[in-house]
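One structure is given below, encoded as structure tokens.
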Amino acid sequence: MVRQQSQIGKAGSITTMEDESVLGEEVSSAIRKYALQNAVEYNGNGKPGSVLGRLLSEFPDLRSSAKDLIPLISKHVEDANEMAKNNGLKRVREILEETNPEALNREKQKKRVGLPELSVNEAEEVVLRFAPNPNGPLSIGHSRGVVINSEFAKIYSGKIILRFDDTDTKIKPPLPSAYSSIEDEFEWISGVKPDVVIRASSRMDVYLEHAENMISQGFCYVCKCPAPRFKSLRDKMLACPCRDNSVEVNLNQWKMMIHGEIEEGKSVVRVKTGLDLPNPALRDWPALRIQHTPHPIVGDKYKVWPLLDFQSAIEDHLQGVTHIIRGKDLMDSTRKQTLLYEHMGWKYPETLYWGRVKLHEFGGFSTSSIREAIEKGDFSGWDDPRLPTVSALRRRGYTPEAIRDFWIELGLTQKDISISMQTIDSKNSKIIDSSSARRSFVEEPINLNLMYPEDSSDIDGMVRLNNHPDHPEMGYREWGLEQKNIQISKNDYTEGVVRLKDYADVEIRGDNAIFISREKSNDAQIIHWNSSDSCVKAEIIVPGDNENILLGGVIEDSEYSVGEIVQLERMGFAKVEFVEPENTKIGLIWLHG
């Protein structure tokens, strides 16, 4: 697959049948197979989206070229459907029997892994949106929405909207710096820029105009009932006294609300629904409320702000959103918004849901709680390595590919699950391992004299070590041993025979390491080490349970660049955070094992 991906990159976009050769026979054959298989399963009415989904499941490296593959796949699907129409499904089955008999026995009940197919109207463009509240940068949980929505947009050659739902000035007020952070993190995670960026707070006049229009049409009304009183009536399926007010009365009270003449909590605008709906939360649900708290971006211009269910419903319609993909905890939002759409005669988007995912290592962090903890000084910032934020994971060296692979593989299951970060660590390791040079970091170093027998032929003053054990093309590094002095970690010090990794067996006696042999004995414990001739000071930040731990020591002298990922011998991966002039000190941050 690496070879095929490289060919695609050199050839450019795949837009015609003449370009098919750059894919390689393996991928081309898979496209033909899935096109024929799809024609059989859907009685000669196969769909390109289904074929693309199966192809990407088998060849995940092609995801970045998904949009370019659609014309080619569509041609094969059209040919397979035409064959089924002219020669019958029997002929299609015969071809599959000859070329890919396993394709006739697809396990339809097999547990789905990856993204499902969307219900798509071929006459309209697929439009999705990711709509965070910018009360802080993105968390690992938010990244699911980025990945799923942007991936579907890629697959269906659609559009992805980044919308900031920032109309809560009081409970979850926006953080001004979060807007640019989220936009940057969205692009880093998804690999694409959003097609449209919207700040809901900049479109307040639109929402207020729609609200006034709905009040004028009798779909909404101003309710002045105290919350406990309204809840009591609602639960009994009874109308509140305000429900029967005339349109004129409602409009007058509406004007008083938007002019700031009514105190907070004294009035809300409600959407009229059936009072006998089984779910009490849907009965005459609140659409707009009074908030006099200034907005961090638009100030105190507005006194009435829409609740999320109303604002989101209006914006989804105006932007032509075709598919909404979100957590199952928002199913009531779907029901509320559907009732609003029915009033207006609008078509509600296709909606899909996912269940909750809890990462064992982080528990129940929310953006609001993280923000509060940072403001209290419990964390150094949004990129504190102990936090489950995208900025923290990015700082530590996680790749966007690992995050994308994790969420795509998990798919849209509605089952609530708990997963360890080790799942993402494993995916990240596979991506970075082949390009990460091996380096030796010795924590709390102890100096030992390296002593050779007088007749030893192994004293050449130099040790040559591969940069990567499986990739000789990455070259090697050399350590000088002229001073015959080495450093090992205080934790590894023990008298007796040990193996200096990739060099020799030695016997430690006091301050000496007595050379035994370059040949490895079976019983010797392997420890990592550095030559005093070839090392520099270093420190590593390691996230702990309650605070970040700073490990001090030495690392082998080499050319380091900020942002580089290295694998520390017997420790794991770390990212270079700073390099002081002339390599006098190297700073790293722990990634994972």
message: From the helices alone, meaning DSSP H stretches of at least four residues, give me the mean residue ellipticity at 222 nm for the chain, per-run term -39500 (n - 2.57), in deg cm²/dmol to the nearest 500.
response: -10500 deg cm²/dmol
- line: The size of the Cβ-based charge dipole (Lys, Arg +1; Asp, Glu -1) of region 124-435 about the Cα centre, to the nearest 20 debye, is 680
query: Separation of region 357-423 and region 228-265 by C-alpha centroid, Å?
result: 41
- line: Taking Cα atoms, the helix 66-87 axis meets the longest principal axis of the chain at an angle in degrees (rounded to 10) of 70
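Need one word for region 460-563: rounded, prolate or oblate. Basis is the Cα gyration tensor (sqrt eigenvalues a ≥ b ≥ c); a/c below 1.5 gives rounded, then a/b vs b/c decides.
oblate
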- prompt: Taking H as built 1.01 Å from N, whose amide H comes closer than 5 Å to the amide H of R129, not counting residues under 5 places away?
  reply: I161, I325
task: Go through region 54-159 and name the GluC sites (Glu not before Pro) that are in a DSSP coil and have 15 or fewer other Cβ atoms within 10 Å of their Cβ.
output: E107, E117, E122, E124, E125
task: Run the dipole for region 115-265 about the Cα centre, Lys and Arg Cβ at +1, Asp and Glu Cβ at -1, nothing else charged, and hand back the magnitude in debye, nearest 20.
output: 580
query: Can you tell which of P469, S57, A35 lies farthest toward the positive end of the dipole of the chain, using +1 and -1 charges on the Cβ of basic and acidic side chains (Lys, Arg; Asp, Glu)?
result: A35
task: Specify which residue in the list H360, A239, H343 is farthest towards the positive end of the charge dipole of region 124-435, using unit charges on the beta carbon of Lys, Arg (+1) and Asp, Glu (-1), about the Cα centre.
output: A239
task: Using amide H atoms built 1.01 Å from N in the peptide plane, name the residues 5+ places from K358, or on other chains, whose amide H lies under 5 Å from its own.
output: I417, S418, I419
query: Distance from the Cα centre of region 516-550 to that of region 496-510, in angstrom?
result: 14
Point-to-point label distance, M256-A373, nm (Cα→Cβ direction, 7 Å offset): 4.5
- request: Let me know the shape class of the chain, please: from the alpha-carbon gyration tensor, a ≥ b ≥ c as square roots of the eigenvalues, rounded when a/c is under 1.5, otherwise prolate if a/b is greater than b/c, or oblate.
  value: oblate
message: Placing unit charges on C-beta atoms (Lys and Arg positive, Asp and Glu negative, everything else neutral), compute the dipole magnitude of the chain about its Cα centre in debye, rounded to 20.
response: 3120
- request: Identify, among Y452, T273, S143, the residue whose Cα sits farthest towards the positive end of the charge dipole of the chain, taking +1 on the Cβ of Lys and Arg and -1 on the Cβ of Asp and Glu, with the dipole about the Cα centre.
  value: T273
- prompt: Can you list the trypsin sites (Lys or Arg not before Pro) in region 434-533 that are in a DSSP coil and have 14 or fewer other beta carbons within 10 angstrom?
  reply: R518, K520
- prompt: So in the chain, what percent of DSSP beta bridges are antiparallel if you round to the nearest 5?
  reply: 65
- prompt: What shape does region 124-435 take by its C-alpha gyration tensor, where a ≥ b ≥ c are the square roots of the eigenvalues and a/c under 1.5 counts as rounded, a/b above b/c as prolate, and the rest as oblate?
  reply: prolate
- request: Return one number: the angle in degrees, 0 to 90 and rounded to the nearest 10, between the long axis of the Cα atoms of helix 48-58 and the longest principal axis of the Cα atoms of the chain.
  value: 20
- prompt: Cα axis of helix 25-41 to longest principal axis of the chain: angle in degrees, 0 to 90, nearest 10?
  reply: 30
- prompt: Name the GluC sites (Glu not before Pro) in region 486-593 that are in a loop by DSSP and that have at most 14 other C-beta atoms within 10 Å, would you?
  reply: E495, E519, E547, E559
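No lab work stands behind these numbers, since they all come straight from the coordinates. Model, not experiment: these values are computed from the prediction. Cβ coordinates were reconstructed from backbone atoms using ideal geometry, including for glycine residues, and neighbour counts include every protein chain displayed.
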